[in-house]
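Bear in mind these aren't lab numbers, they're just calculated from the coordinates by the rules spelled out. This is a predicted model, so every value here is computed, not measured. Here the Cβ positions follow ideal geometry from the backbone for every residue, glycine too, while neighbour counts run over all protein chains shown.
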Amino acid sequence: MGLLGIIGGSGFSTLPEVEVIHREWVQTAYGAPSAELLTLSHQGRQFCFLPRHGAGHSIPPHAINYRANIQALADRGVTRLIALGAVGGIAPDCGPLRLCVPDQLIDYTWGRLGTFHDGTDGDVVHVDFTAPFTPALRETLLSAGAHLALDLRAGGTYGVTQGPRLETAAEIRRLERDGCDLVGMTAMPEAALARERGLDYALLAFVVNWAAGKAAGEVGMAEIESNLARCGDAVRRLLLAVATDG
Ligand code: HPA
């Protein structure tokens with residue numbers, strides 16, 4: 001079984017109570033990743049951790065160096081990557097605090113550096129992306145969740161928006177017509193770059209708000225902050241279960 005990597009999203013700049021055995025600023029051919037790459041140890045098992053938005057949550061979704069993050073993890077020997085993502089809920093059963101393991105995505109982002117094969121490496125490469133999240137790694141998450149009696153939603157389509165602003169109600173209605181169940185800002189180009197580097201990649205999404213227009217009034221930042229904290233325990237337990245068993 002290859003080395004596991006975890007990309008922490010909003011609310012997960014660290015994994016508290018897990019021993020850090022190594023931390024290092026690495027450089028890649030694509031620049032520096034968002035933060036120091038951490039090697040963590042839990043119950044004798046080691047895994048890597050990288051906070052996508054930086055150690056102090058200072059890098060917005062559109063400004064993340066996704067290529068450096070994926071390259072740094074690949075260089076470290078990571079072969080299986082679980083990404084965390086706070087999302088808004090669109091589908092009726094995707095309300096706040098729901099944990100989801102999506103199986104599809106639609107990319108609405110623009111202007112991000114989304115490939116390692118940008119023409120400068122002399123290679124034209126078209127990776128298959130039919131299933132953007134690796135089925136076996138999704139299953140690992142889902143079965144760990146079942147063991148912990150967590151109510152994980154298996155499947156769903158994640159619409160990836162540009163941010164950093166949240167969406168309009170009309171944009172969310174369009175995403176809904178397109179078939180999106182969830183909306184977030186970071187799964188792309190992360191998932192595609194992981195595929196280009198041959199890494200298994202699955203996303204653990206946790207819903208922190210109803211998407212715009214799906215509940216009365218505006219989307220409240222206080223609600224998002226509080227739900228991020230409330231998801232923390234379940235997300236941490238699930239990750240540690242995968243890190244020690246998977
Ligand atoms: N939209 C986009 N990204 C998000 C949201 C949202 O409503 N909530 C958390 N991340």
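If you go through region 193-206 and keep only what is buried (at least 22 other Cβ atoms within 10 Å of the Cβ) and assigned to a helix (DSSP H, G or I), you end up with LEU193, ALA194. Residue count for region 1-23, restricted to those that are surrounded by 15 or more Cβ atoms within 10 Å (Cβ to Cβ) and either more than 21 Å from the chain's Cα centre (by Cα) or assigned to a strand (DSSP E or B) (or both): 6. Of the residues making up region 158-189, those that are among the charged types (D, E, K, R), within 17 Å of ALA91 (Cα to Cα) and either surrounded by fewer than 22 Cβ atoms within 10 Å (Cβ to Cβ) or more than 10 Å from the ligand (Cβ to nearest atom) (or both) are GLU171, ARG173, ARG174, GLU176, ARG177, ASP178, ASP181. Scanning region 207-229 for residues being part of a helix (DSSP H, G or I) and either surrounded by 15 or more Cβ atoms within 10 Å (Cβ to Cβ) or β-branched (Val, Ile, Thr) (or both) gives a total of 4. For beta carbons closer than 8 Å, sequence separation of 6+ or different chains, a first residue in region 5-20 that is within 13 Å of LEU81 (Cα to Cα) and a second that is of a type in the set (Lys, Arg) and part of a strand (DSSP E or B), the qualifying pairs are GLY5/ARG80. Under the condition of being touching a strand residue (DSSP E or B) at 6+ places or on another chain (Cβ under 7 Å) and surrounded by fewer than 22 Cβ atoms within 10 Å (Cβ to Cβ), the residues counted in region 73-83 number 4.
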